Amino acid sequence: MGITIENVSKSFGEYLAIKDVQLEIPSGDFIALLGPSGSGKTTLLRMIAGLESLDSGKIHFNGVDYSNKPVKERKVGFVFQHYALFKHMTIFENIAFGLKVRPFKIRPSKQEIKERVYDLLKFVQLEHLAERYPSQLSGGQKQRIALARALAVEPEVLLLDEPFGALDAKVRQELRHWLREIHEKLNITTIFVTHDQEEALEMADTIVVMNQGQIEQIGSPDQVYHHPVNAFVYRFLGRVNEFCDSDNEISYIRPHEIALKKSAQGNSVPAKVLHVHSVGSLVRIQLNRLDTNALFEAEINTEKYQEIGPLKKGDLLYASFSNLVVFGNEQKEPLTAIL
Amino acid sequence: MNTKTIAQANTVSLQGLKKWVLIGIALAFLGLFIVIPLIAVFSEALKKGIELYFAALTEPDALSAIKLTLITAAIAVPVNTVFGVIAAYAIAKFSFRGKNILVTLIDIPFAVSPVIAGLVFVLLFGSQGLLGPFLEANDIKIVFAVPGIILATLFVTFPFVARELIPIMQEQGTDEEQAGRILGANGWQMFFRITLPNIKWGLLYGVILCNARAMGEFGAVSVVSGHIRGMTNTIPLHVEILYNEYNFTAAFAVASLLAILALFTLVLKSVVEWKSRKE
Amino acid sequence: MFNKSKPHRVLPAFGLSMGYTIIYLSLIILIPVAVLFLKATTLSFSDIWQTVTNDRVIASFKLTFYTSFVAAVVNAIFGTLIAWVLVKYQFPGKKIVDALVDLPFALPTAVAGIALTTIYAPNGWIGQLFEPIGVRIAFTPIGIMIALTFIGLPFVVRTVQPVLQDFDRQFEEAASTLGANSTQIFFKIILPTLFPAILTGFALAFARALGEYGSVVFISGNMPMKTEIVPLLIVTKLEQFDYAGAAAIASVMLIFSFILLFVINFWQWRIAKKHQVA
């Protein structure tokens, strides 16, 4: 199912949540709506599901105007941030719900429902939990059941609101791969909302970066990471150093793009080590530029660190900033080094 | 608004219709059971003019009934408030076996018929009662006298403050008290500076409900009072006597005092709810 | 390490507050109630049996249970509806309506009794509407039900309202994305969630109705075998100085009340426990 979003706007009272958004989602795509809180990403997702009405604009599913179609007729699967599993129903009943509420004419028989539910439980590898209640499940299990329930109605679009937001780091990592695999198997158009750039980069085919109710950039993970169209996208997608030159022009560079040497070379800049901490296979070094006195962070792998290290506070290094990025149309912002 | 189609407009108006039908039923039900009786009290009380209304209120028996009701509430409410705070403290702030049983025992007056609440004191202190001979020998009157009325009122208003406070205190837990202790507060300081301020709205709410019941109790007080005019009549009992003597206007005039008290209670209760929500 | 059998308590005055609670509870509630049962046992078993199986007593027990049950059912239905309207909809005067729901808690029962009697008497505001079609409300079991509906009204509203307020819209939304229509959402998602609260409110209203006296005694007409409720029968026995008989009937009544009280509280602990797990 391909989805076309055409000049859609939405406000809650005075607050403009979505401003004139245009988006074309091809069938079978795996899309991340990425942005900080308040960027309108969840509102947009809920509008696609039909859970929010549109103030203006249109949403088409496969070219058909769905703008005013009731939720229950849209054939979307929706996974809620906190799963919204029905507490008074067993896992089996939760998954069967969407089939049981169908009008009599198109409702599958009891046996068919049972088979379908067990197929889905097998699919999410939780067959043994059929008779449990949601309160007896772990967060990761609830997430899988919520997905199974959404898939039970054979949706043509799968929508997930911060699907891994409530899970701890390890489970989150596992489920990311798992969801990716599921998408590859089923190949239904999937849209998920996240504020975690790593999650978006790791999972999605296409990333839609949103800010203040508008789309900043649409592109593959590679495009948005390596070719950000503006400072917001650049800053939101990874760790970043900001430098402000004498013309008040701001230039950016990612910590891993900074080359550190023990001796001066070309146009390298001397800098003093302030702090060194190693994070797994990486070493992050906080430094102080001696020419402008600006603070910045560099990131190198442990091999490289062994070449130039060990470092301690006060050591002198030479840094070269060969990949500095400047966005021309940018408004002046206060000089800060964000790390 | 250009996206609103006719189909949507129809579902919207259907939703609106459902809403107003449900509101209509709810309001009709409340009107029938609550508003009309309330209006009836005042309309009957004022039926024969304002002069008769005030005459009914200032007649000596009415005044003595008012006085007795005030005395009863002035004793029962503070006593049960102190109990409620202490019981809620013991129940909510500590864990011990049998807590659920204790809470249920405190609930007994809610489950017991007011008539039975009066009866137990007649059986205990009446002339045929367990302590009757002893009381008679020492010339102490409890039943058919003011002490009986106070005891019966204590019984029926017993759980109000405690029941209001227990869930509030349980929800608050003991973190703040423990922090206070660590910072060096002694028991009294902890209680008056931490525990009590945290429950003030709930406490006020409980006291209001307790007072309304204390002033309005009928069944229990009726059984122990002996209905002695000018002596053991509270306002509700005075209403009953007037009503049974077919003196309806006077009965409703006195009843209107209690209705005003009830309305005042509701206003106070709403204010307290509003204030506590604001915090 | 703290001794397990004697837990260390950080907060002060547990013994003092608990001791006071138990002593006061015993003096005001437990001992007087125990005396009632004691009094009942001064009769022989066959005397008690005769007292409580007397036709008039049986009739009044039947009437009391029947009218209380009907009133509680009416309250369960309309109380849920009122709670729904108060939580889900905005309308002018809503705050006042919300406050008025508590009137039966605040209005003395005797006042409610004479007001309802006056309205529903054959010549009253509402009673006269029913007189021509041959329906009498006051001085019949219908009148008793009306009084009991009045006093039980807040229970269901006040138990259902908070549950409905806390009910997350997400569950309704989840059901609608799965294809449920609004009727299915109400019956399959919302009602099952509200059901424990409705049942609790129903039980509270029923328990209150069983013992109610003040509001009923005026409207019922108090005809033996027809409109005489149990609490009134107890008062009658007392006025005839039949203390043992009154105690016997009251004991039976109390046992019913206690059973109900334990059922309600047990039910609520279970709900509370379930919530802790979830």
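Points to keep in mind about this one:
- Looking only at region C:246-278, and only at residues there that are within 14 Å of chain A (Cβ to nearest Cβ) and free of Cβ contacts under 8 Å to residues at least 40 places away in the same chain, the one that is surrounded by the most Cβ atoms within 10 Å (Cβ to Cβ): C:Lys274
- Scanning region B:105-130 for residues that are under 13 Å from C:Phe262 (Cα atoms) and either open to solvent by 20 Å² or more (accessible area, probe 1.4 Å) or of a type in the set (A, V, I, L, M, F, W, C) (or both) turns up B:Leu105, B:Ile106, B:Ile108, B:Phe110, B:Ala111, B:Val112.
- Total residues in region B:113-162 satisfying the condition of being under 24 Å from C:Ala40 (Cα atoms) and either of a type in the set (Ser, Thr, Tyr) or away from chain C (no Cβ under 12 Å) (or both): the figure is 9.
- Out of A:Val71, A:Val64, sole residue that is free of Cβ contacts under 8 Å to residues at least 24 places away in the same chain, surrounded by fewer than 16 Cβ atoms within 10 Å (Cβ to Cβ), β-branched (Val, Ile, Thr) and assigned by TED's automatic domain parsing to the domain that holds A:Tyr133: A:Val64
- Exactly one residue out of A:His82, A:His128 is under 30 Å from A:Asp168 (Cα atoms), modelled with pLDDT under 90 and either open to solvent by 60 Å² or more (accessible area, probe 1.4 Å) or not assigned by TED's automatic domain parsing to the domain that holds A:Tyr15 (or both), and it is A:His82.
- Residue that is surrounded by the most Cβ atoms within 10 Å (Cβ to Cβ) [pool: residues in region A:153-178 that are modelled with pLDDT of 90 or more and of a type in the set (A, V, I, L, M, F, W, C)]: A:Leu159
- Checked against the criterion of being closer than 18 Å to C:Ala209 by Cα, in contact with a Lys or Arg (Cβ under 9 Å, 6 or more places away or on another chain) and either in a helix (DSSP H, G or I) or not polar (S, T, N, Q) (or both), region C:38-57 contains not a single residue that satisfies it.
- Some residue of region A:97-116 being at the interface with another protein chain (Cβ under 10 Å from one of its Cβ atoms) and touching a strand residue (DSSP E or B) at 6+ places or on another chain (Cβ under 7 Å): no
- Those helices (runs of 4 or more DSSP H) lying entirely in region A:192-255 with at least 2 residues within 21 Å of A:Gly165 (Cβ to Cβ) and acidic (Asp, Glu): A:197-203
- When each of B:Leu165, B:Leu204, B:Leu196 is tested for being in a helix (DSSP H, G or I), open to solvent by 60 Å² or more (accessible area, probe 1.4 Å) and more than 11 Å from chain C (Cβ to nearest Cβ), the lone residue that passes is B:Leu204.
- Tally of residues being among the small types (Gly, Ala, Ser) and touching a residue at least 12 places away in the same chain (Cβ under 8 Å) across region B:75-126: 9
- Restricted to region A:6-61, and to residues there that are within 12 Å of another protein chain (Cβ to nearest Cβ) and part of a loop (DSSP other than H, G, I, E, B), the residue that is most open to solvent (accessible area, probe 1.4 Å) is A:Ser53.
- In region B:68-111, the residues that are among the small types (Gly, Ala, Ser), at the interface with chain C (Cβ under 8 Å from one of its Cβ atoms) and outside any helix (DSSP H, G or I): B:Ser95
- Members of region C:163-200 that are of a type in the set (Gly, Ala, Ser) and either open to solvent by 20 Å² or more (accessible area, probe 1.4 Å) or more than 30 Å from B:Phe110 (Cβ to Cβ) (or both): C:Ala174, C:Ala175, C:Ser176, C:Gly179, C:Ala180, C:Ser182
- Annotation: B:Val223 fulfils all but one of (1) within 29 Å of the chain's Cα centre (by Cα); (2) among the aliphatic types (A, V, I, L, M); (3) surrounded by fewer than 22 Cβ atoms within 10 Å (Cβ to Cβ); the unmet one is (3).
- The one condition in (1) more than 11 Å from chain B (Cβ to nearest Cβ); (2) under 26 Å from C:Gly143 (Cβ atoms) that C:Ile77 fails to fulfil: (1)
- Just one of the listed residues (C:Val230, C:Val217) is touching a Ser or Thr at 6+ places or on another chain (Cβ under 7 Å), modelled with pLDDT of 90 or more and under 30 Å from B:Ala255 (Cα atoms), namely C:Val230.
- Scanning region C:90-112 for residues that are within 7 Å of another protein chain (Cβ to nearest Cβ), part of a helix (DSSP H, G or I) and open to solvent by less than 10 Å² (accessible area, probe 1.4 Å), we see that the one that is nearest to C:Gln165 (Cα to Cα) is C:Leu103.
- The single condition among (1) touching a Phe, Trp or Tyr at 6+ places or on another chain (Cβ under 8 Å); (2) free of Cβ contacts under 8 Å to residues at least 40 places away in the same chain; (3) surrounded by fewer than 23 Cβ atoms within 10 Å (Cβ to Cβ) that C:Ala203 does not satisfy is (2).
- Boolean, B:Val267 is of a type in the set (Val, Ile, Thr), open to solvent by 30 Å² or more (accessible area, probe 1.4 Å) and modelled with pLDDT of 90 or more: yes
- Residue within region A:150-159 that is assigned to a helix (DSSP H, G or I), within 8 Å of chain C (Cβ to nearest Cβ) and touching a residue at least 60 places away in the same chain (Cβ under 8 Å) present: yes
- Complete set of residues in region C:113-125 that are of a type outside the set (Ser, Thr, Tyr), free of Cβ contacts under 8 Å to residues at least 12 places away in the same chain and not in a loop (DSSP other than H, G, I, E, B): C:Ala115, C:Ile119
- Any chance B:Ala56 is farther than 30 Å from C:Ile146 by Cα and more than 13 Å from chain C (Cβ to nearest Cβ): no
- Single unsatisfied condition, C:Gly124 versus (1) closer than 30 Å to C:Phe195 by Cβ; (2) within 9 Å of chain B (Cβ to nearest Cβ); (3) more than 25 Å from the chain's Cα centre (by Cα): (1)
The values are calculated or read from the model by the stated rules, or taken from the named source; none is laboratory data. All values reported here derive from a predicted model rather than from experimental measurement. Note that we place each Cβ from the backbone using ideal geometry, even for glycine, and neighbour counts take in every protein chain shown. Accessible surface is based on the protein model in full, side chains and every heavy atom, while ligands, DNA and RNA are left aside. Shrake-Rupley method; radii C 1.70, N 1.55, O 1.52, S 1.80 Å.
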